[in-house]
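**Q** A single structure is presented below for examination.
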Amino acid sequence: MIASLRQIALLTGKDLRIESRSRQTLGLVSVLGILIVAVLGLGLGAHNQVAAFGATAVLWVAYLFSGVLCFEKTMAVERNDGVLAALLMAPLDRGIIYLAKLLSNLLLMLAVAAIVTPVGILFFGFDLTAAPLTFAGVMSLSMLGFAAVGTLFAAVISSTRLQGGLLAMMVFPISLPLVIASTQMMLRTFRDGAGPGMTGMGILLAFDVIFLTVSWLVFEWVLEP
């Protein structure tokens, strides 16, 4: 157990060091998210009857497209630089590789959310001071499930020639229950400053547990040297 945690930490640290030197993924993904929020936010406008729903929808559109780009780029770096082939030849359980890549993607997505969300709140004029921890908890659980799905399918298509929009076509439908639950809980927080509710949290937790477990189990078969 200790050895596995150490391996996950080392692999995650490797990914974060690569990103800290290049800053390509976080910078590009954050700019994309901000542009989506800005364009859609200006189109919808603030302080109207659909402001609360519009804010949650706009933010999740930004999260989804930014996330897909993030997953594609992080896996492409592994493939193009030959890092993934080296990892597959190393005496490592492939589940360890998955968990490390998942953690790297999760940290990147949380960083993107921390950059993009304030822009959305600025456009729609909401105050999160009434329930900041609630919002942070909802976002953490949402991003965990989203990263679990995205990391798996990014690995699935990374060795194919049909990349492009294929990852989005695979990830978006599967993530729909998570997006709906998260959107509803964010809406409660934005509009009422209320807690997320047990039903919504249950959906997020169930989604996270199911897809983390399934992805970890099948990751061994989706990678090819």
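Computed from the coordinates by the stated procedures, all read-outs in this text should not be read as laboratory data. Fair warning: this is a prediction, and the values are worked out from it, not measured in the lab. Using ideal geometry, Cβ is built from the backbone for each residue, glycine included, and neighbour counts are taken over all protein chains shown.
**Q** Take 146, 53, 207, 135 and order them by how many other Cβ atoms sit within 10 Å, fewest up front.
**A** Numbers: 146 28, 53 16, 207 23, 135 20.
Going from sparsest to densest Cβ surroundings: 53, 135, 207, 146.
**Q** Here's a follow-up. Summing Lys, Arg as +1 and Asp, Glu as -1, what charge do residues with Cβ under 10 Å from the Cβ of residue 25 carry, residue 25 excluded?
**A** On the way: positive: 23, 73; negative: 15, 19, 72.
Combined, the nearby Lys, Arg, Asp and Glu give -1.
**Q** If you average the C-alpha positions of region 5-35 and of region 88-164 separately, how far apart do those two centres end up, in angstrom?
**A** Here the two parts' Cα centres lie 11 Å apart.
**Q** Could I ask something else about it? Quick one: helix 176-192 against the long Cα principal axis of the chain, what's the angle to the nearest 10°, folded into 0 to 90?
**A** Approximately 40 degrees, to the nearest 10.
**Q** Helix 2-22: angle to the longest alpha-carbon principal axis of the chain, degrees 0 to 90, nearest 10?
**A** Taking the Cα atoms of the chain, the angle to 2-22 is about 70 degrees.
**Q** Computed from these coordinates, which is Cα extents along the principal axes in Å: (i) 93, 40, 39; (ii) 89, 52, 35; (iii) 56, 33, 29?
**A** Structure-derived value, by its label: (iii).
**Q** Mind sorting 1, 201, 139 by how few other Cβ atoms lie within 10 Å of their own Cβ, fewest first? Present the calculation step by step, with values, prior to reporting the outcome.
**A** Numbers: 1 5, 201 17, 139 20.
Least crowded to most crowded, the residues run 1, 201, 139.
**Q** Please state the relative contact order of region 2-222 as a whole percent: Cα pairs under 8 Å, 6+ residues apart?
**A** For region 2-222, the relative contact order is 26 percent.
**Q** Helix 51-80 versus the longest principal axis of the chain: what is the Cα-based angle in degrees, 0 to 90, to the nearest 10?
**A** Orientation of helix 51-80: about 10 degrees from the principal axis.
**Q** Among 30, 142, 20, rank each residue by its count of other Cβ atoms within 10 Å, from fewest to most, as a rough exposure measure.
**A** Lowest count first: 20, 30, 142.
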